[in-house]
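See structure below.
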Amino acid sequence: MTRKGRRLVLIGAGLGVLALAAGLILSALNDTIVFFRTPTEVAQQQVAPGARLRLGGLVETGSVAKSGTLTTFAVTDGNATVKVAYSGILPDLFREGQGVVAEGALQPDGLFKADSVLAKHDEKYMPREVADALKQQGHWKDGAPAPGAASPAQRQPGS
């Protein structure tokens, strides 16, 4: 085999090893990726039971029920509603009518079992995906600042 032929084999083997490593990394990341969905998307896309996802929307008024550390509530985007069960301590800002993002898995019976629940801290911030979905559904409050926008008091001098 000539020098040129050996060099091509070595380069080809190196590229094969890199492709294999990239494939292994992507398959490992695929197990940890959590997709964001609204209740309407969960209903329309027929999410497979057991699939991990983030569910975002507003806590439906009158839906919160507590029994010890188990809390059940409904998350809505105005068109669809998903019942959520969470066992643990809820954030202090969790309340009916507020924005919420719950991370967990959909059960075969349609109940969303949350591992963690995040509540928005005020009108000045909401995860962009949740705000965009609420705007599309017509539930974003008029006159509210853009999601993630700083108020004049929060801006740095000279900006």
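The values are calculated or read from the model by the stated rules, or taken from the named source; none is laboratory data. Note that the structure is a prediction, hence the values are computed from the model and not measured. A quick note on method: Cβ atoms are made from the backbone with ideal geometry, for glycine too, and the neighbour counts reach across all protein chains shown. Accessible surface is based on the protein model in full, side chains and every heavy atom, while ligands, DNA and RNA are left aside. Shrake-Rupley method; radii C 1.70, N 1.55, O 1.52, S 1.80 Å.
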The extension gain from Gln107 to Gln46, computed as 0.36 nm times the residue separation minus the Cα-Cα distance, is 20.8 nm
Can you give the Rg and Dmax of the range 6-77 based on its C-alpha atoms, in angstrom?
-> 22.0, 73
Percent antiparallel among DSSP beta bridges with both residues in the range 1-122, to the nearest 5?
-> 80
Two pseudo-spin positions, 7 Å from Cα along C-beta at Ala85 and at Leu15, lie apart in nanometres by 5.3
Per residue, in Å², the accessible surface of the range 1-126 once ligands and nucleic acids are set aside, probe 1.4 Å | 62
Mind giving me the FRET efficiency for Val64 and Leu29? R0 is 25 Å, r the Cβ-Cβ distance, nearest 0.05 is fine.
-> 0.10
